[in-house]
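Q: Attaching a single structure in structure tokens format; questions to follow.
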Amino acid sequence: MLKVMIAPVTRFQQNCSIVWCDETMEGTAVDPGGDFDMLKEAIAQQGIKVTKVLLTHGHVDHASAAGTMADHYRVKIEGPHRDDLFLIEGLPGSGRKYNFPAYKPFVPDRWLEGGEQVTLGNLTFDVVHCPGHTPGHVVFVHKPSKVAFVGDVLFRNMVVPVHSVLKPRDNLSPAPLKPPRSEPYPWMPFVWIGVAALLAIGAWTAVVLLARRAAAASAPKPAIPPDERFRKAVAAARSWAQLADAVREYIGATTKTTTEVLAQTSSSLLDEVLHQGDLEKFSPWGPRPGDLRALKMRALELIVESSEEVAA
Ligand SMILES: [Zn+2]
């Protein structure tokens, strides 16, 4: 059966636990942080045979006297977890800082891992690694008596209530794996961008073409020389009236007066052209029979005369 006696040690009043098995009287002090003479006396009064030293962590007020105690009883030191080695190596310096007596430096003989067990006589303690207060902090749990030596780990309750969220009929078999749904690559945005680009190109082209057309419309057309226009009009004439109109327009377009034109060409030509045109337009009997083609050829003599005059 587990027996426990609390001995507050050091000026930090750290609760050092003197623990023993009352069947074998084997025991120890958990976390002998200091005041070793006082601990030694209490252990002797209870008639305890010290078989090991137990440490929960490496702080100065918990572990300082462990080396001296282990040396005094010729026992080994168990705990804490290896991660507190740096604290234990720094104990002499920490002790000087807090004016502790010069205790024997030490390195634990057995580092503890969570899940391991330590024994004391007929007592068995479960080791729980509780990093936080220090990285290598361990807790010794004696399940039969529901007692734990927790060092500086703070527990709200020793028994942590755990309620399962599962219902008795819950199906615990894993859900069947579904292949991930493959989403098609979204092409539509690119299609819309392409359509927009084509529309923009079309609009730009239309604007450019309209601007060119407007510029062409506003640009002054090269004036066709009267001679050229007359030549074409004569060639296109299909009737006496059209030939007469062409001659009239030509005479009107040149700077020469009719009199001047008449002076340069045979009056019979002009007379014939104009008279035939008038007959065709206004006479109920129509033009006199004649060779339109021959008259067209002769009409061009008007140009020859005027061109020579211009050239001269
Ligand atoms: Zn501490």
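Q: Spin-label point model (7 Å from Cα, Cβ direction): what's the Lys76 to Ile6 distance in nm?
A: Result: 3.1 nm between the two label points.
Q: Add +1 for every Lys or Arg and -1 for every Asp or Glu among the other residues with Cβ under 13 Å from the Cβ of Arg231, and state the total. Provide the component values of the computation, followed by the final result.
A: Details: positive: Arg229, Lys232, Lys296; negative: Asp227, Glu228, Glu249, Glu301.
Net of charged neighbours comes to -1.
Q: Pull out the extension gain between Ala196 and Val107, defined as 0.36 nm times the separation in residues minus the alpha carbon to alpha carbon distance; nm, one decimal.
A: Details: separation 89, 0.36 × 89 = 32.04 nm, distance 7.88 nm.
Computed gain between Ala196 and Val107 is 24.2 nm.
Q: Let me make sure I get this right: for the stretch 38-163, a, b and c are the square roots of the gyration tensor eigenvalues over alpha carbons, sorted descending. Under 1.5 in a/c it's rounded, otherwise prolate if a/b > b/c, else oblate. Which is it?
A: On the way: a/c = 1.83, a/b = 1.26, b/c = 1.44.
It is oblate, given that a/c is not under 1.5 and a/b is not larger than b/c.
Q: Now, a different point. How long is the gain from Thr24 to Ala217 if the chain were fully straight, where each residue apart is worth 0.36 nm and the alpha carbon distance is subtracted? List each step's numbers first, then the result.
A: Details: separation 193, 0.36 × 193 = 69.48 nm, distance 12.39 nm.
This chain segment gains 57.1 nm when fully extended.
Q: Taking R0 as 45 Å, what FRET efficiency do you get between Tyr98 and Ser145 from their Cβ-Cβ distance, rounded to the nearest 0.05?
A: 0.85
Rule-based calculations on the coordinates, nothing more; no lab input. Just so you know, these numbers come straight off a predicted model, no measurement behind them. Cβ coordinates were reconstructed from backbone atoms using ideal geometry, including for glycine residues, and neighbour counts include every protein chain displayed.
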